[in-house]
Amino acid sequence: QKEVEQDPGPLSVPEGAIVSLNCTYSNSAFQYFMWYRQYSRKGPELLMYTYSSGNKEDGRFTAQVDKSSKYISLFIRDSQPSDSATYLCAMKGAGKSTFGDGTTLTVKP
Amino acid sequence: KAGVTQTPRYLIKTRGQQVTLSCSPISGHRSVSWYQQTPGQGLQFLFEYFSETQRNKGNFPGRFSGRQFSNSRSEMNVSTLELGDSALYLCASSVSGTASGTDTQYFGPGTRLTVL
């Protein structure tokens, strides 16, 4: 079983929708949680970074962490076609970073 | 500040050959990590170098090796290529690496390797 499981998708939503992307993890050593966005033929870019349970907001993006349930989410409000990409969750702890397999999101105009 | 650069961007090799990929980190970053990304396995950690020393290693065979130079530039080598080695190889740099929980990794655009 993988240490990090990410909802596989793909996900297709109309422009303006609220998007929810989710990951679960099993390793309690993970203390830091990240979301990356990866456009086609590009490397991942860091979107959100958090290390505590609760919500962190940055513009249209909200990262949510529930350490007791070992569950993290990324919410995108008012989604735009430019948000179409693959989203990767990542977790760091015990000297390593582990990534989810990614969820591909398409936002249709 | 210039981002992480990787060369070459695309590479085609045949089975049995070897390949060397290069990564130049962001200026001032001393940690370089390498990842393999495939549709089936996602992003898999290969190894991390910090100040010319390998600090962490993932679960890959010995055919995969790397090194880091005094200017923090890093190379990754794959010997005796197999069809399954076809993937996007990503390099990520950071100031302190995985030893620091708050350190942030910045990824390069990757090298797409195709093994025929």
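Read-outs: derived from the displayed coordinates by stated rules, not from any lab. Fair warning: this is a prediction, and the values are worked out from it, not measured in the lab. A quick note on method: Cβ atoms are made from the backbone with ideal geometry, for glycine too, and the neighbour counts reach across all protein chains shown.
Quick rundown of the values:
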| read-out | value |
| --- | --- |
| Alpha-carbon radius of gyration plus Dmax, which is the widest Cα pair, for the protein assembly as shown in Å | 17.5, 50 |
| Peptide ranges A:77-85, A:93-101, B:89-97, B:16-24 listed from the most packed, as the mean C-beta count within 10 angstrom indicates | B:89-97, A:93-101, B:16-24, A:77-85 |
| Within 10 Å of each Cβ in B:31-42, the average number of Cβ atoms from other chains | 2 |
| Whole-angstrom Cα spans of region B:51-113 along principal axes, big to small | 37, 23, 22 |
| Signed unit charges on C-beta, dipole axis of the protein assembly as shown, positive-most listed residue A:81, A:19, B:115 | B:115 |
| Debye, to nearest 20: dipole size of chain B, +1 on Lys, Arg Cβ, -1 on Asp, Glu Cβ | 160 debye |
| For region A:12-61, alpha-carbon Rg and Dmax in angstrom | 13.2, 37 |
| Amide H within-cut-off set for residue B:47, under 5 Å, with H built and near neighbours excluded | B:34, B:58 |
| Charge dipole magnitude, Cβ of K and R +1, D and E -1 - the protein assembly as shown, Cα centre, debye nearest 20 | 520 debye |
| Residue-averaged beta-carbon neighbours from other chains (10 angstrom radius) around A:41-48 | 5 |
| For residues of A:90-99, the mean tally of beta carbons on other chains within 10 Å | 5 |
